[in-house]
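To keep things clear, I will list the structure first and then write my remarks on it.
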Amino acid sequence: EVLESHLAYPILMFFRSTHDHESWVSAIGAVLDAATLMLTTVEGGPQGQASATRGIGTHLVEDIDRFFRFIVRDRPLEGPMIERGEFDDARARLRAAGYVLVPDADASWTEFARLRAEYAGPLNAIARFLDVPPAQWIGDRSYVPH
């Protein structure tokens, strides 16, 4: 729905949540990260749904980035934009929650980093442009005072 609404009516991108520290940009980032973790880290999970969700979310980020390129002044950063330790922490939380993980953590990290690099830079550029309060794994991670 965000893909259709925000591309059809780009002004919606500028509407803020009525709740502090919440944003559609952070929500899209969290959903993309969850889908990417499912695809690269969890064995036997709902791969089809994760793949479709990731595809649509990445398409949204790419289209918004392309549409608003003229106002996003900074070149998007490259790479996954998270540290390996943060990924390992996420793996540990998934394991503690009862998920069966891909046994090769290095291969899992490599694939996660590759897939995340496709949306992390443009998503961060959108978040910075809109002054979205940083969320875990999205934004510059410093507190933005109100």
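The values are calculated or read from the model by the stated rules, or taken from the named source; none is laboratory data. Keep in mind that what you see is a predicted model, and the values were worked out from it rather than measured. Heads up, the Cβs are rebuilt from the backbone with ideal geometry, glycines too, and the neighbour counts pull from every protein chain shown.
Give the residue, chosen from H59, H6, that is in a helix (DSSP H, G or I), modelled with pLDDT under 85 and surrounded by 12 or more Cβ atoms within 10 Å (Cβ to Cβ). Before you say what the answer is, go through the steps one by one.
Working: H59 fails: modelled with pLDDT under 85.
When all the criteria are applied, what remains is H6.
Of (1) under 17 Å from L123 (Cα atoms); (2) loosely packed, with under 13 Cβ neighbours inside 10 Å; (3) at pLDDT 75 or above, Q49 satisfies all except one. Which?
Failed condition: (1).
Select, from P103, P76, P80, the only residue that is at pLDDT 95 or above, of a type outside the set (F, W, Y) and either surrounded by 11 or more Cβ atoms within 10 Å (Cβ to Cβ) or closer than 13 Å to V42 by Cβ (or both). Before the answer, list the steps.
Values: P76 fails: at pLDDT 95 or above; P80 fails: at pLDDT 95 or above.
The conditions single out P103.
Quick one: which of A34, A27, A52 is over 14 Å from the mean Cα position of the chain (by Cα) and assigned to a helix (DSSP H, G or I)?
Numbers: A34 fails: over 14 Å from the mean Cα position of the chain (by Cα); A27 fails: over 14 Å from the mean Cα position of the chain (by Cα).
From the options A34, A27, A52, the qualifying one is A52.
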